[in-house]
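These notes are about the structure you will find just below.
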Amino acid sequence: MLQTGSVVISTAGKDRDGFLVVVRTDGGVWVADGRHRRLETPKRKNPRHLRLTPYRVEASSMATNRELRRALTACRQAADASEV
């Protein structure tokens, strides 16, 4: 279930295979990554184009774009370590 703070992987579009965080879920799923898609202008994505990961980002880590990037980097490294 997609909720605010869920870390997802995009499966379609220009941001394919990128880690994103669900910012809000009203009228679709709005995602941001802190670099290309900033918190001020999140991207609306179709939920069918997102794959849920077991990771979550706390609301305090979504306060600024820098903190969001750091949290996503940690999730990406954890995912890479679990694949090895």
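The values are calculated or read from the model by the stated rules, or taken from the named source; none is laboratory data. Nothing here was measured: the structure is a model prediction, and the numbers come from that model. Every residue, glycine as well, gets a Cβ built from its backbone with ideal geometry; the counts of neighbours run over all protein chains shown. Please note that ligands, DNA and RNA were not included when accessible areas were found on the heavy atoms of the full protein model with its side chains. Shrake-Rupley method; radii C 1.70, N 1.55, O 1.52, S 1.80 Å.
Out of all the residues in the stretch 11-39, which are touching a residue at least 24 places away in the same chain (Cβ under 8 Å) and acidic (Asp, Glu)?
Correct list: 15, 33.
Please find, within the stretch 46-84, the residue that is surrounded by the fewest Cβ atoms within 10 Å (Cβ to Cβ) out of those that are more than 11 Å from the chain's Cα centre (by Cα) and either aromatic (Phe, Trp, Tyr) or not in a helix (DSSP H, G or I) (or both).
The extreme case among them is 84.
Scan the stretch 2-23 for residues that are surrounded by fewer than 18 Cβ atoms within 10 Å (Cβ to Cβ), of a type outside the set (Val, Ile, Thr) and more than 10 Å from the chain's Cα centre (by Cα) and report the count.
7
Checking the condition out of contact with any helix residue (DSSP H, G or I) (no Cβ under 8 Å at 6 or more places or on another chain), among the β-branched types (Val, Ile, Thr) and farther than 11 Å from residue 23 by Cα, which residue from 41, 53, 64 passes?
Of 41, 53, 64, the one residue that is out of contact with any helix residue (DSSP H, G or I) (no Cβ under 8 Å at 6 or more places or on another chain), among the β-branched types (Val, Ile, Thr) and farther than 11 Å from residue 23 by Cα is 64.
Name every residue in the stretch 24-64 that is over 21 Å from residue 79 (Cα atoms) and of a type in the set (Asp, Glu), in order of residue number.
Of everything in the stretch 24-64, those that are over 21 Å from residue 79 (Cα atoms) and of a type in the set (Asp, Glu) turn out to be 26, 40.
Taking only the stretch 24-38 into account, find how many residues are touching a helix residue (DSSP H, G or I) at 6+ places or on another chain (Cβ under 8 Å), open to solvent by less than 40 Å² (accessible area, probe 1.4 Å) and either within 18 Å of residue 65 (Cβ to Cβ) or in a strand (DSSP E or B) (or both).
Count: 4.
Give the residue that is farthest from residue 78 (Cα to Cα), with candidates limited to residues of the stretch 1-23 that are part of a strand (DSSP E or B) and of a type in the set (Gly, Ala, Ser).
Ranking the candidates gives 10 first.
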